[in-house]
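The structure appears right after this line, and notes come after that.
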Amino acid sequence: MRDPNSPPSTLPDAADDDSLARDLSRHRWLAGSFLALAAGGWAASHAPFMPPGVAPALRAVAEAGMVGGLADWFAVTALFRRPLGLPIPHTALVPHNRDRIADGIAAYIDREFLEPAMLVEQVRRMDPAARIARLLADPADRDKLVDLVAGMLPGLLSQQGEAPLAQALGRALAAGLSQADLRPALAGAARHFVESDAMELLVREMVDRLIHLFHGQRSFVEAAVADKSRWWMPSSMDKSLAETINEAILGHLWDLRSPHAPAGRELRDWLRALPDEIKEGSELAQRLLEAVRQFAGPTAMGPLLNDLLSGLRDAALADLDRPDGHIRGALHGVAESLAGAMQEAPVRDRLNQAVEQAFVGALPRWRQAIRDFVARTLKAQDVGEFTHRLELRVGRDLQYIRINGTLLGAAIGGVLYALNSWIG
């Protein structure tokens with residue numbers, strides 16, 4: 001018996017092949033017995049004890065049966081091998097035409113089982129939305145579904161391979177950003193920001209922090225002025241000049257903070273024009289793009305993604321260990337919400353339509369892939385093994401052709417003998 005955890009095999013089990021081989025052997029003996037019976041009748045027709053009136057009739061029946069049986073034996077055998085090993089033309093048809101047979105089987109499967117109209121009709125008959133609705137409507141089934149999903153999450157969140165995953169995501173993100181034109185996206189994000197209320201709040205917050213920072217650095221201006229002053233300049237004048245500079249800078253910062261001051265209006269006008277400047281690809285836009293790409297590169301994004309994945313994993317695993325965890329509660333909530341939504345006919349119709357559209361969209365790729373897979377798998381098998389397996393599965397029925405050929409030949413021989421006797 002096959003281990004349920006073992007990977008599926010593309011070939012039948014050996015036990016099935018053994019059973020088919022024994023069955024084929026029995027039917028070969030049966031067909032051979034009919035041919036032997038005809039040969040025995042032919043031999044008996046030449047026996048001296050055979051009555052003169054019976055011998056010709058028996059001989060005619062037996063000869064015709066032997067001809068029919070031998071002809072069908074030749075035909076059946078020629079399908080899989082050369083009869084008696086003789087190099088007779090047009091024999092061993094299956095081994096010599098393995099690739100054509102493989103293509104024919106693949107084409108038959110494609111034509112009879114993968115026709116889009118047929119498969120779409122099957123999808124409609126399945127009514128996936130109704131099946132999902134029935135599943136979610138039953139509380140016991142919903143609980144089983146939640147338990148199934150919750151049971152899968154620890155394996156999906158396993159720490160194994162986490163670092164390579166983060167590095168792969170970082171490289172993929174960096175590669176995508178390096179090839180993409182990010183200017184429209186950055187311009188759109190900047191435009192959304194400058195047109196929102198958040199811009200004014202951020203400008204004021206940044207200016208307030210600059211004012212606070214500059215207040216703490218007033219002595220730096222005084223020291224700079226004193227260091228650059230002439231020896232003959234009075235210190236009181238240096239302090240007065242430094243204070244004037246400090247007040248001018250602080251006044252300018254306060255003007256930047258206000259949207260009504262000239263400096264503040266100029267700053268906000270520049271910010272509003274920034275999206276168009278980014279979209280046109282100015283020098284500033286190039287610096288912003290380079291900063292985004294460096295931030296999203298493997299050296300920066302890789303460790304960030306690794307830390308993010310680690311934190312999310314640890315929090316999720318700790319939550320899943322609790323029967324009243326937030327993740328289980330969220331899964332129950334999602335399942336109950338879907339159960340309610342699936343009671344509405346428009347929702348079910350839309351889901352069925354989405355499934356059908358997805359199926360129709362993917363079918364051309366699946367269809368060609370399945371056809372190629374079937375043909376490629378059959379062609380990859382050893383010719384002898386391919387022939388042997390095919391004979392195991394159809395050989396039993398072919399033996400009945402031999403039996404019928406023997407019986408039919410014998411019957412025809414008897415009819416012809418009777419006609420000849422009546423005519424002659």
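The values are calculated or read from the model by the stated rules, or taken from the named source; none is laboratory data. Computed from a prediction, not measured in an experiment: that's the story for all the values here. Every residue, glycine as well, gets a Cβ built from its backbone with ideal geometry; the counts of neighbours run over all protein chains shown. Quick note on the areas: whole protein, heavy atoms, side chains included, nothing else; ligands and nucleic acids left out. Shrake-Rupley method; radii C 1.70, N 1.55, O 1.52, S 1.80 Å.
Data table
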read-out	value
Total residues in the range 367-390, condition open to solvent by 70 Å² or more (accessible area, probe 1.4 Å) and among the basic types (Lys, Arg)	3
Odd one out for Phe49 among (1) at pLDDT 90 or above; (2) open to solvent by 70 Å² or more (accessible area, probe 1.4 Å); (3) hydrophobic (A, V, I, L, M, F, W, C)	(1)
Residues within the range 119-134 that are open to solvent by less than 70 Å² (accessible area, probe 1.4 Å) and either over 23 Å from the mean Cα position of the chain (by Cα) or of a type in the set (Gly, Ala, Ser) (or both), tallied	3
Residues satisfying the stated conditions in the range 373-417, i.e. of a type in the set (A, V, I, L, M, F, W, C) and either closer than 22 Å to Leu93 by Cβ or not in a helix (DSSP H, G or I) (or both)	Val374, Ala375, Leu378, Ala380, Val383, Phe386, Leu390, Leu392, Val394, Leu398, Ile401, Ile403
Failed criterion for Pro89 (all others in (1) assigned to a helix (DSSP H, G or I); (2) open to solvent by 60 Å² or more (accessible area, probe 1.4 Å) hold)	(1)
Options Pro346, Pro364; residue that is open to solvent by 50 Å² or more (accessible area, probe 1.4 Å), under 29 Å from Gln122 (Cβ atoms) and either modelled with pLDDT under 80 or touching a Gly at 6+ places or on another chain (Cβ under 9 Å) (or both)	Pro364
Selected residue [surrounded by 12 or more Cβ atoms within 10 Å (Cβ to Cβ) and in contact with a Lys or Arg (Cβ under 7 Å, 6 or more places away or on another chain)] from Ala341, Ala354, Ala335	Ala335
So Ala71, is it open to solvent by less than 60 Å² (accessible area, probe 1.4 Å) and within 43 Å of the chain's Cα centre (by Cα)	no
Residues of the range 262-293 classified as touching an Asp or Glu at 6+ places or on another chain (Cβ under 7 Å), within 17 Å of Arg191 (Cα to Cα) and crowded, with 16+ Cβ neighbours inside 10 Å, total	1
Counted residues, the range 59-68 - those being buried (at least 21 other Cβ atoms within 10 Å of the Cβ) and not small (Gly, Ala, Ser)	2
Qualifying residue in the range 70-80 (condition: out of contact with any His (no Cβ under 7 Å at 6 or more places or on another chain), part of a helix (DSSP H, G or I) and hydroxyl-bearing (Ser, Thr, Tyr))	yes
Out of Ala150, Ala60, Ala106, sole residue that is more than 43 Å from the chain's Cα centre (by Cα), on the phi < 0 side of the Ramachandran plot and in contact (Cβ under 8 Å) with a residue 60 or more places away in the chain	Ala60
Number of the exception - Pro259 against (1) assigned to a helix (DSSP H, G or I); (2) open to solvent by less than 90 Å² (accessible area, probe 1.4 Å)	(1)
The range 110-124 residues that are under 16 Å from Gln353 (Cα atoms), paired with ones that are open to solvent by less than 70 Å² (accessible area, probe 1.4 Å) and assigned to a loop (DSSP other than H, G, I, E, B) (beta carbon under 9 Å, 6 or more apart)	none
